[in-house]
Amino acid sequence: MKNIVILISGGGSNMSTIVRTAQQEHWEQRYGARVAAVISNKPDAAGLVFAREQGIATEVLDHKAFASREAFDAELAATIDRHQPALVVLAGFMRILTPAFVAHYAGRLINIHPSLLPAFTGLHTHQRAIDAGCKFAGVTVHQVTAELDVGPILDQAVVPVLPDDTAETLAARVLTQEHVIYPRAVRALIQTL
């Protein structure tokens with residue numbers, strides 16, 4: 001079985017979309033793949049409730065309980081590895097990961113970023129796109145490398161920036177495309193594993 005482990009920090013809308021897609025498309029039967037666990041660095045992450053309701057193993061590893069980023073990432077890797085992941089999916093996991101962690105999962109660690117990379121890496125992407133006068137924004141699924149938001153691009157979707165857009169309205173439209181391309185990118189990857 002190709003186990004998928006999803007990391008979240010909040011509501012988990014991308015995680016729940018991937019889980020629902022896997023169920024609807026019968027990934028377990030068709031590709032020998034399943035979402036095996038959802039792990040959060042925040043004990044109150046709402047997405048954990050959804051995962052538990054789906055019968056998916058959940059774990060919480062509060063980053064505040066660790067003295068350093070390295071210590072947290074080492075324990076996070078040990079927690080993930082207990083689920084024998086073929087693929088680790090960052091879905092709103094709001095932590096910058098150490099190079100050692102990224103290297104441990106090289107080639108099987110992916111992220112979604114709310115911009116058309118390589119434009120607007122980091123935070124506040126929607127406001128930055130508006131401020132720059134962009135006519136288009138979007139979303140990118142990419143492999144994670146040690147450098148923030150610059151790994152190989154796996155999928156993208158384009159969203160128009162409307163004249164009256166705010167960061168919030170643009171973010172809402174981008175999110176609808178996230179829910180289209182993230183399950184698609186995960187499906188494409190698990191078929192190659």
Counting all Cα-Cα pairs in segment 129-187, those more than 13 Å apart amount in percent to 62
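GluC sites (Glu not before Pro), restricted to segment 140-193: which are DSSP loop and have at most 10 other Cβ atoms within 10 Å? Please list the in-between numbers first.
Working: sites: E147, E168, E178; in loops: E147.
Filter output for segment 140-193: E147.
Could you order peptides 151-158, 135-142 by the average number of other Cβ atoms within 10 Å of their residues, highest first?
On the way: 151-158: 16.4, 135-142: 21.2.
Final packing ranking: 135-142, 151-158.
Checking the a/c ratio against 1.5 first, then a/b against b/c, what shape does the Cα gyration tensor give for segment 47-139? The partial results should precede the final answer.
Numbers: a/c = 2.07, a/b = 1.70, b/c = 1.22.
Prolate is the answer for segment 47-139, as a/c is 1.5 or above and a/b outweighs b/c.
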What whole number of Å gives the distance from the Cα centroid of segment 1-20 to the Cα centroid of segment 25-54?
5
Treating the angle as unsigned and between 0 and 90°, give the value, to the nearest 10°, between the Cα long axis of helix 167-190 and the longest Cα principal axis of the chain.
40
To the nearest 500 deg cm²/dmol, what mean residue ellipticity at 222 nm is calculated for the chain from DSSP H runs of n ≥ 4 alone, each contributing -39,500 (n - 2.57), summed and divided by the residues?
-11500 deg cm²/dmol
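Which value, in nm² and rounded to one decimal, describes the direction-averaged projected area of the C-alpha convex hull of the chain? Before the final figure, lay out each step's value.
On the way: hull surface 41.9 nm².
It is 10.5 nm².
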Going by a ≥ b ≥ c, the root eigenvalues of the Cα gyration tensor, does segment 1-111 fall in the rounded group (a/c under 1.5), the prolate group (a/b larger than b/c) or the oblate group?
oblate
For the chain, what proportion of DSSP beta bridges, expressed in % and rounded to the nearest 5, is antiparallel?
35
Checking the cross-link filter: which lysines have an alpha carbon closer than 27 Å to that of K2, excluding same-chain neighbours under 8 positions apart?
K42
Cα gyration tensor of segment 3-43, axes a ≥ b ≥ c as square roots of the eigenvalues: rounded (a/c below 1.5), prolate (a/b > b/c) or oblate?
oblate
If you count only protein heavy atoms with a 1.4 Å probe, what accessible area per residue comes out for the chain, rounded to a whole Å²?
47
Separation of the A100 and A71 label points, Cα + 7 Å toward Cβ, nm:
1.3
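Pop out the carbon and sulfur fraction of the accessible area of segment 61-193 as a percent, whole number, probe 1.4 Å. If you can, show how the numbers build up before the last one.
Details: 3900 of 6510 Å².
So the carbon and sulfur contribution to the accessible surface is 60 percent.
The values are calculated or read from the model by the stated rules, or taken from the named source; none is laboratory data. Values in this document were obtained by computation on a predicted structure and should not be read as measured data. Cβ sites come from the backbone with ideal geometry, for glycine too, and all protein chains shown count toward neighbours. Just the protein is used for accessible areas: all its heavy atoms, side chains included, with ligands, DNA and RNA removed. Shrake-Rupley method; radii C 1.70, N 1.55, O 1.52, S 1.80 Å.
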